[in-house]
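Undergrad: Quick one: this structure, given as structure tokens, is what I'll be asking you about.
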Amino acid sequence: MLNSPQDDSTEGSNGQAVTLILKQAGKSEEEIAALTSLDDADRAAENQFSGDPPTLESLYGTGKAAEFFAGSFNPQAEVAQVMSQSLEFLMARKKNGTLCDHHMMLFHADTISGLAERGFFGLAIPTQYGGSGAKLGDLGPLLRALTFVHPDLAVMFEVHNFLGPVTPILDFGTEEQKSYYLPKMASGELLGSFALTEPGVGADPSKLSMTARRVGDRYFLNGVKWPITNVIYGGLCVLVLKIEGEDLQPGRDSGMFLFEVPRQDTEHFRMKRNDLVAFDFLWNARFRLTEFDVSDQTLLGPAGKGLAQAFSSLAKGRGGIGVNSAAKVFKLLAQVILDPSQKEEIEGRTRYRSGGWLSFRSTFGKPIGTAPRIETWVGRAVCHGMAGRVLGDLCFRLAANGIRDETQGMIAKVYATKALLQTAINVYQIQGGRSVHTDERRAMIRSQGEEALANAEFLIENYVGGNMHEFTIATVYEGPNPVLADVGAPNAMTRKIRNEYLEPIGMAKINGSWGIFEKLKCGWFVGRSVLGSMNPWTGSMAGVENLFPEKKRLIRNGLRRNRKLGRRILWIILRYQRKFMDQAFLLGDEGGVFDQLCHSLASLVFALSLDKPGSEYIEIGKALDLEAVIRLKGKTTSPQLQRAWASIGRRLMDPQSTLHKDLIADIEIGDIPLDPRFIDRFI
């Protein structure tokens, strides 16, 4: 449930303590202003939700395993029908070559209007506003399917719904705003976008330069947003900017506005489309507002809360990035395992036979797919892709239940996008020099349209090399991975401790006291947490379904590891309170606690998804568990883990295995550049 905004007096007290600590740590005034404004926004975002984040509970308290269950796909009948009809429509247009307008480099106008007619844009909008009322937890499978049809469709759906404007309007809008905007968004009349990023303002949104100045019942907007995905003429964009002239404190002066994008440029509005090498078929643009006049009724939520509201929306959107990235992992694997020249129609679905690049490309007399290193690459990708998918689904379920588990959201995003990047690099290496060849098919479509393919023979296609930007950009948008891992996640993991135990000590010092009571309270919490982390039966298994012995062991291991990591976090923040650089490394990425927690939580969440003993997925669960153990020891792999990955890799390459049939058999693939079996076509 969303809660009403909290009184700023509490934030002000905490802010004093944070400021003092940062000053003692040698931070500059500018650094203090930026860090405290972000901290305030995070606190305010937390206050808008109820319920304790399960990840933090598993670190410092009695974690409940059932709270990490990602749930099952069970949409209402109307929602399922809209999803089904939309996907069938998209696949039919893709098959007949009318999905995209290759001259405009956008989805075809008839594609957008057809989706609108089928209710696609209103899926996440409640029925009273003209939508289908889908739950966030039911949208993961749809995003996976959209990614397989065309990845930009999934991004468009996410931007329209999760970042803005649907989610912010539902969470913070007045009834008048909901009644006016949501029906238009549900019908597809208004397509949505979210504008936070500015030139030089990405990872640190506390330095927003776009401003709103109030004059009577109007606001005048000035500034630049760049780059913004899916912002189109005639659409609806959520603007996050700085409000001037209302006596708001620095760092608490942000606002969120609903901006109806003009249908053409004017003297007050200029927009130019960006030429990107990712998100090819989406309108990504930069725009400038100059004394642009809007009503005060377009302010979304209270003045001063724009960043907090943006952060709460970002937390929901990160689940989609995890789901999309995991889908791309399996599309990459399919590209080198399946044979594009051997396909058949089975029950209306295209199925490819095994025997792709890993089978027909040989080295030293053997197919390269039998090389131990390649098997481990494939197996590792399977494990990380499956865990990333479940982490994304969990992120949606928590958000749907009104729980803002910020740490888990960052884990879902960082873990899956790192898996995608690693898989892309490995598949690129597997294809070797062919990965750098121009994708001739794509180039012809873009220059002459899809109809030109009818008169073109033997065009070289290059899905892997031609889409490397698509695979890497996922690690950047909605928070660059290093910033999330080294700044955002440590802040989220320690905020409750700092707020309840460390900052009162700082406040006591401000007031000239020794803070004996506050120190004793902190010591009691630390002692209780440390002793609890040593309990081998830590965590509750109540409510977990299908709890067979192997599943129970894997879940118990995950809960126990999280408590150990909670103990490490306590030691680090107490030992390095004023050494923020040391804290960032020890709590962050590349072997830090957050990195270790990513693998521990991935193992735990995947274990909860297991439904029966003896399945091939048990092997994945064991490999994830083993990797989490190794990561906690400060290592990245071991011979035992390599063998486990290799075994899973062989299963995925076996057309008779469950993993092969479930995960890659019906993924559409393209021709491999310069397939050695057909080299005569190209010479």
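Only the coordinates and a few stated rules stand behind these numbers; no lab work does. Because the structure is predicted, anything quoted here is derived from the model rather than measured. For neighbour counting, all protein chains shown are included, and Cβ atoms are generated from backbone atoms with ideal geometry for every residue, glycine included.
Undergrad: Under a Cβ-only charge scheme (Lys and Arg +1, Asp and Glu -1), can you give me the dipole magnitude of the chain about the Cα centre, in debye to the nearest 20?
TA: 2740
Undergrad: Using the beta-carbon distance between H268 and Q85 and R0 = 41 Å, what value does 1/(1 + (r/R0)^6) give for FRET efficiency, to the nearest 0.05?
TA: With a Förster radius of 41 Å, E is 0.50.
Undergrad: What ranking do F257, F525 get, fewest neighbouring Cβ atoms within 10 angstrom at the top?
TA: F525, F257
Undergrad: Using the basic label-point model (7 angstrom from Cα toward the beta carbon), what is the M104 to Q642 distance in nanometres?
TA: Each label point is offset 7 Å from its Cα along the Cβ direction, giving 5.3 nm.
Undergrad: While we're here: For the range 192-310, take N as its residue count and report Rg(C-alpha) divided by 2.2 N^0.38 Å.
TA: 1.01
Undergrad: Run the dipole for the range 192-310 about the Cα centre, Lys and Arg Cβ at +1, Asp and Glu Cβ at -1, nothing else charged, and hand back the magnitude in debye, nearest 20.
TA: So the magnitude is around 200 debye.
Undergrad: Do the alpha carbons of any pairs in K418/K564; K316/K496; K551/K635; K316/K612; K328/K564 sit beyond 27 Å of each other, and which pairs?
TA: K316/K612; K328/K564
Undergrad: Let me ask another. May I ask you to list the GluC sites (Glu not before Pro) in the range 160-238 that are in a DSSP loop and have at most 12 other Cβ atoms within 10 Å of their Cβ?
TA: none
Undergrad: Moving on. For each of V155, V483, count neighbouring Cβ atoms within 10 Å of the residue's Cβ, then give the residues from fewest to most.
TA: Exposure proxy ranking, most exposed first: V483, V155.
Undergrad: Moving on. May I ask you to order 331-337, 513-519, 647-653 by the average number of other C-beta atoms within 10 Å around their residues, highest value first?
TA: So the order, starting with the most tightly packed, is 331-337, 647-653, 513-519.
Undergrad: Can you name the helices of the chain, as whole DSSP H runs, whose Cα span along the helix axis is 18 Å or more and whose Kyte-Doolittle mean is not below 1.0?
TA: Within the chain the helices that satisfy the rule are 593-609.
Undergrad: Counting only helical runs of four or more DSSP H residues, what would the 222 nm mean residue ellipticity of the chain come to if each run contributes -39,500 (n - 2.57) and the total is spread over all its residues?
TA: Helix contribution divided over all residues of the chain: -16000 deg cm²/dmol.
Undergrad: Just want to confirm a number: the relative contact order over the chain, from Cα pairs under 8 angstrom separated by 6+ residues, in percent.
TA: 17
Undergrad: Could you tell me which label, among (1) -0.35, -0.48, -1.38; (2) -0.44, -0.59, -1.33; (3) -0.64, -0.78, -1.25, carries the value of log10 I(q)/I(0) by the Debye sum over Cα atoms at q = 0.06, 0.07, 0.12 Å⁻¹ calculated for this structure?
TA: Of the listed options (1) -0.35, -0.48, -1.38; (2) -0.44, -0.59, -1.33; (3) -0.64, -0.78, -1.25, (1) comes from this structure.
Undergrad: A further question follows. As a footprinting exposure proxy, order R567, R553 by other Cβ within 10 Å, with the fewest listed first.
TA: Ranked by crowding around the Cβ, least crowded first: R553, R567.
Undergrad: Nearest 0.05, what FRET efficiency do S295 and D680 give at R0 = 56 Å with Cβ-Cβ as r?
TA: The value I calculate is 0.25.
Undergrad: Students often forget the sequence filter, so: which lysines lie under 17 Å Cα-Cα from K272 once same-chain residues fewer than 8 apart are removed?
TA: Counting by Cα, and skipping residues close in sequence, K272 has these lysines nearby: K225.
Undergrad: Give me the net charge of A326's neighbourhood, meaning all other residues with Cβ under 15 Å from the Cβ of A326; Lys, Arg count +1, Asp, Glu -1.
TA: For residues surrounding A326, the net value is +4.
Undergrad: Give the dimensionless ratio obtained when the Cα radius of gyration of the range 440-582 is divided by 2.2 N^0.38 Å.
TA: Relative to the 2.2 N^0.38 Å estimate, the range 440-582 comes out at 1.83.
Undergrad: While we're here: Kindly rank 275-282, 417-424 from highest to lowest mean number of other beta carbons found within 10 Å of each residue.
TA: 417-424, 275-282
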